[in-house]
Amino acid sequence: MNLKNILLGLDGVKARGNIDIDINSIEEDSRKIKKGDLFFAIKGFVLDGMDYIDDAIKNGSKAIVVSADSDFKSLKLPEDVTLIVVPDVRKAMAIAASNFYNNPSEKFKLVGVTGTKGKTTTTYMIKEICEKQGYKVGLIGTIENYIAGKSLGNSERTTPGSIELQRMFSEMVEAKCDVVVMEVSSQSLKLDRVYGVDFDIGVFTNLSEDHISSSEHKDMNDYFETKCKLFDICKIGFANSDDIYTHKLLKRDTKAEIITYGIDNYSNILAKDITITNSYVDFKIRMGERNERVKTGIPGRFSVYNSLAAIAVTQKLGCSTENIKEALLNVRVPGRSELVDNKKDLTIMIDYAHTPDSLENILLAVKSYTRGRVICVFGCGGNRDKAKRPNMGEVAGRVADFTIITTDNPRDEEPEKIINEIEVGIKKTKGNYKVIVDRKEAIAEAIKMANKTDIIVIAGKGHELYQEIKGVKYPFDERIIVKDIINETLEKEKK
């Protein structure tokens, strides 16, 4: 594509060199640059793209995009390399990527789901309903990405960078997707990964303390304001009326018309007469001209909220009542209230709960229907919000009957240090607990002490298939680990 066409719609652009040239591809990683490519010098939290301009040129870059507030005047580029200076490189890259791939988000119905909890489950529900309706669907999210029923494998992050995102959108257009549903993380909004994307529908699930750190959001207000950006770039929004931040959202002057859904507070879409069991929830909701009974095969009150959001979106997309009901009954989401079949017939649930609110929600949900004890195994991730650690300890100590505090993804921190901070909270309660640093040993201990009336909740990692320690991701699939432990136990019992 001609460079001039790639730069269409960008304000404040200054160029040194020829912009009437053809560009083969666009990249923000100098290692991926090939002959005839355009390189965006992005300043990240750790690396600065300005330091890799020479590498990009050596690899064949024809043009370089830099920020106006960078030291671009000192750059000594070859005469045949064009320098583009823009006010904001991230926004420029997002618009340029959309231009390069011919504005693909305009060619299907695009649904963005944001919030602290429930994004993944809600997107999976929307995907299942739309596929039941007969639509071709693309999905982008935390667990994995799909194009028209085909998995693209595990995701590296919740929302891809703008170039990769537009590339995926382009593939979805090529696959003739009717609907694309994606998780929209706060980081993607803050870093303008979805800037210039044409969203039809936005969903706000809830907001609770998470991602508060020097490298993410400085406080809850910054976190909230960042989430609100989605509703300035979509046409219609659905928001959870039982979340206090929705009321703040409703007071804002957003581009989107906001429609509410909920259980307790007044809502445009309201769930009534709710039943919760250990394997499903069902509730009554107005759909069309009738009150319908909807059953969802994922237990927990939070599952009602996720179902309401999915119903609201898919009704807007033209899905029938029967297809909505059938899809919700059968939907399953990896690592979200996921029950692990095992030879001991123990009730073992894997869940991604990694915030105080999400841990409390899942523990209270299972406690409401479990005849025996709730045994909780959890830890907290390193290099993340430290303030939540004692809070999560306090939640587990207050709600669970027994807690085993262990390692999550310690990353660059010492596991014992993280565990000590969790203990500060659990010691405020009368909860019974023990510490087992090794996560596999902690799971084994929970299985050893459980009987068939108990439930084991292994929280924090959910769908993840690894454990990150000192920059290395070691294989760690909790489904496999549970089954291996039980098989080993049964073998020992035979002897």
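The values are calculated or read from the model by the stated rules, or taken from the named source; none is laboratory data. This one's a predicted model, so the numbers in the text were calculated from it and none came from an experiment. With ideal geometry, Cβ positions are generated from the backbone for all residues, glycine too; neighbour counts draw on all protein chains shown.
General observations
The rows are residues; the columns are (1) in the same structural domain as residue 373 (by TED's automatic domain parsing); (2) surrounded by fewer than 15 Cβ atoms within 10 Å (Cβ to Cβ); (3) in contact with a strand residue (DSSP E or B) (Cβ under 7 Å, 6 or more places away or on another chain).
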position: 276; (1), (2), (3): no, no, no
position: 281; (1), (2), (3): no, no, yes
position: 286; (1), (2), (3): no, yes, no
position: 292; (1), (2), (3): no, no, yes
position: 299; (1), (2), (3): no, no, yes
position: 302; (1), (2), (3): no, no, no
position: 305; (1), (2), (3): no, no, yes
position: 312; (1), (2), (3): no, no, yes
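- Scanning region 15-35 for residues that are over 31 Å from the mean Cα position of the chain (by Cα) and either under 15 Å from residue 96 (Cβ atoms) or hydroxyl-bearing (Ser, Thr, Tyr) (or both) yields 15, 19, 21, 22, 23, 24.
- Segments classed as strands (runs of 3 or more DSSP E), wholly inside region 1-78, with at least 2 members that are within 14 Å of residue 93 (Cβ to Cβ) and either outside the structural domain of residue 91 (by TED's automatic domain parsing) or β-branched (Val, Ile, Thr) (or both): 63-67
- Under the condition of being within 24 Å of residue 120 (Cα to Cα) and either outside the structural domain of residue 434 (by TED's automatic domain parsing) or of a type in the set (Lys, Arg) (or both), the residues counted in region 354-385 number 2.
The rows are residues; the columns are (1) assigned to a strand (DSSP E or B); (2) surrounded by 21 or more Cβ atoms within 10 Å (Cβ to Cβ).
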residue: 403; (1), (2): yes, yes
residue: 407; (1), (2): no, yes
residue: 413; (1), (2): no, no
residue: 416; (1), (2): no, no
residue: 420; (1), (2): no, no
residue: 423; (1), (2): no, no
residue: 430; (1), (2): no, no
residue: 437; (1), (2): no, no
residue: 441; (1), (2): no, no
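- With respect to the conditions (1) buried (at least 18 other Cβ atoms within 10 Å of the Cβ); (2) out of contact with any helix residue (DSSP H, G or I) (no Cβ under 6 Å at 6 or more places or on another chain); (3) closer than 30 Å to residue 235 by Cβ, residue 61 falls short on a single one, namely (3).
- Any hit, region 416-430, residues being out of contact with any helix residue (DSSP H, G or I) (no Cβ under 6 Å at 6 or more places or on another chain) and closer than 20 Å to residue 143 by Cα: no
- Region 460-479, residues that are of a type in the set (Asp, Glu), in contact (Cβ under 8 Å) with a residue 40 or more places away in the chain and over 14 Å from residue 406 (Cβ atoms): 464, 468
- The set of residues in region 113-142 being of a type in the set (S, T, N, Q) and within 17 Å of the chain's Cα centre (by Cα) consists of 114, 116, 120, 121, 122, 123, 142.
- Count of region 117-160 residues which are assigned to a loop (DSSP other than H, G, I, E, B) and under 29 Å from residue 357 (Cβ atoms): 11
- Candidates 457, 482: the one that is of a type in the set (A, V, I, L, M), in contact with a Cys (Cβ under 7 Å, 6 or more places away or on another chain), touching a residue at least 12 places away in the same chain (Cβ under 8 Å) and crowded, with 19+ Cβ neighbours inside 10 Å is 457.
- For region 25-47, residues that are surrounded by 14 or more Cβ atoms within 10 Å (Cβ to Cβ) and over 20 Å from residue 160 (Cβ atoms) total 1.
- Qualifying positions in region 106-123 - surrounded by fewer than 24 Cβ atoms within 10 Å (Cβ to Cβ) and at pLDDT 95 or above: 106, 107, 108, 109
- Total residues in region 233-278, condition in a helix (DSSP H, G or I) and of a type outside the set (Lys, Arg): 6
- Complete set of residues in region 393-413 that are of a type in the set (A, V, I, L, M) and closer than 18 Å to residue 478 by Cβ: 396, 400, 404, 405
- Boolean, residue 284 is in contact (Cβ under 8 Å) with a residue 12 or more places away in the chain, in a strand (DSSP E or B), in contact with a helix residue (DSSP H, G or I) (Cβ under 9 Å, 6 or more places away or on another chain) and of a type in the set (Lys, Arg): no
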